[in-house]
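Report on the structure given below.
The values are calculated or read from the model by the stated rules, or taken from the named source; none is laboratory data. The shown structure was predicted, so the numbers you read here are calculated from the model rather than taken from an experiment. Ideal geometry is used to build each Cβ from the backbone, glycine not excepted, and the neighbour counts take in all protein chains shown. Ligands, DNA and RNA are stripped out before the accessible areas are found, and what is left, the full protein with its side chains, is counted by its heavy atoms. Shrake-Rupley method; radii C 1.70, N 1.55, O 1.52, S 1.80 Å.
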Amino acid sequence: MAFDVRRFDIYRKVPKDLTQPTLTGAVISICCCSFIAFLFLSEFFSFISSEIVSELFVDGSTDSEERIPVRLNITLLQLECQYVGLDIQDDLGRHEVGFIENTDKHELPGGGCRFEGRFFINKVPGNFHVSTHSASRQPDTIDMKHLIHEVSFGDEIKNQNIPGSFNTLQGKDKSTSGESDTHEYVMKVVPTIYEPLGRGKMISYQYTYAYRTYDTSHVYGRVPAIWFRYDLSPITVRYHEKRQPLYSFLTTICAIIGGAFTVAGIIDSSLFTASELFRKHEMGKLT
């Protein structure tokens, strides 16, 4: 006797003439298929898109020679470019007056100056400040009214989905400050790592700041300046993109299809049984 492999068929077929289509079953089937299609598309778009996951950790690096790129863009509203200079100091003993590498000055109508600079700072507490210290002669009036366009550190992250404050001082307007005021921005800088999917690592820095100002007209030997004092946080924020794995997507789709058909079958069977009982009751055949 030949072995019949069809014995292992667990999906036995019922002849069509033994099935009974119903209006309720049709409605439930259409709703079920629509629901499955909606969930499938939702899962599919979730599968092809990536999500950004964040975590915090303590940076144990002790490499104080690591350097951080800085971008500075500021408009001095009442000070000519010939007097404007950049000074850099830090706790490793660096003290540069009149730093000029990668800096640009643009004269503005009315005697103002737009100052732009790109430079590096050591990974230790320090400051950089805009002042007239490097000028060959001092102006009659040193007025540090200003408008900040950019103060940012590290790589420029353009992903709008990344939360954080990478250019917190943008738009800071001190055009109404006093003529002889010195301005101080004290910044707490937080290292931030961004790892986009399939690309290299980007290292940037978020920061928060506190601001204070004081009048230097009565302080001997002090001239107005704009100070940016910074200190680095030991906590590092890491953002990385990840995508749902294929096996997880397939498992979810199988669960959606199987679960939806199962629940729809239970609902249809319950409604059909209830309608049959009601029909028999109406005919008086219910015992």
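Using 0.36 nm per residue and subtracting the Cα-Cα separation, the extra length available between I100 and K201 on full extension is 33.4 nm. Averaged per residue, what accessible surface does the stretch 115-197 expose to a 1.4 Å probe, in Å²? Heavy-atom SASA per residue in the stretch 115-197 reads 43 Å². Measuring max minus min along each principal axis, the C-alpha atoms of the stretch 200-287 give extents of 111, 35, 17 Å (largest first). For H133, the solvent-accessible surface computed with a 1.4 Å probe is close to 80 Å², ligands and nucleic acids excluded.
Please give the calculated 222 nm ellipticity per residue for the chain, where each DSSP H segment of at least 4 residues contributes -39500 (n - 2.57) and the sum is spread over every residue; nearest 500 deg cm²/dmol? Computed ellipticity for the chain at 222 nm equals -8000 deg cm²/dmol. Using only alpha carbons, the stretch 47-155 has a radius of gyration to Kirkwood radius ratio (Rg to Rh) of 1.12. Backbone geometry of the stretch 250-262 corresponds, through the Karplus equation with coefficients 6.51, -1.76 and 1.60 at θ = phi - 60°, to 3J(HN,Hα) couplings of 5, 4, 5, 5, 4, 5, 5, 5, x, x, 5, 5, 5 Hz, x marking Gly and Pro.
Placing a pseudo-label 7 Å from each Cα along the Cα-to-Cβ vector at S29 and R238 gives an inter-label distance of 5.3 nm.
Where the alpha-carbon atoms of the stretch 165-215 are placed on the principal axes, they occupy 52, 18, 11 Å, in descending order. The modelled label-to-label distance for the pair Q138/F120, using points 7 Å beyond Cα in the direction of Cβ, is 3.4 nm. A simple rule links phi to the HN-Hα coupling: the Karplus curve 6.51 cos²θ - 1.76 cosθ + 1.60 with θ = phi - 60°, which for the stretch 160-169 gives 6, 7, 7, x, x, 10, 8, 9, 4, 7 Hz, with x for Gly and Pro. Annotation for the stretch 4-101: GluC sites (Glu not before Pro) lying in DSSP loop with at most 12 further Cβ atoms inside 10 Å of their Cβ are E65, E66, E101.
Could you please state how large a percent of the accessible area of the chain is carbon and sulfur, counting protein chains only and using a 1.4 Å probe? Carbon and sulfur atoms account for 57 percent of the accessible area of the chain. Scattering from the chain was approximated by placing one identical point on each alpha carbon and applying the Debye formula without solvent; log10 I(q)/I(0) at 0.08, 0.10, 0.13, 0.14 1/Å stands at -0.57, -0.70, -0.97, -1.06.
Dipole magnitude of the stretch 157-287 about its Cα centre, charges +1 at Lys/Arg Cβ and -1 at Asp/Glu Cβ only, in debye to the nearest 20? Before the final figure, lay out the partial values.
Numbers: 15 positive and 11 negative charges, 77 e Å.
It comes to approximately 380 debye.
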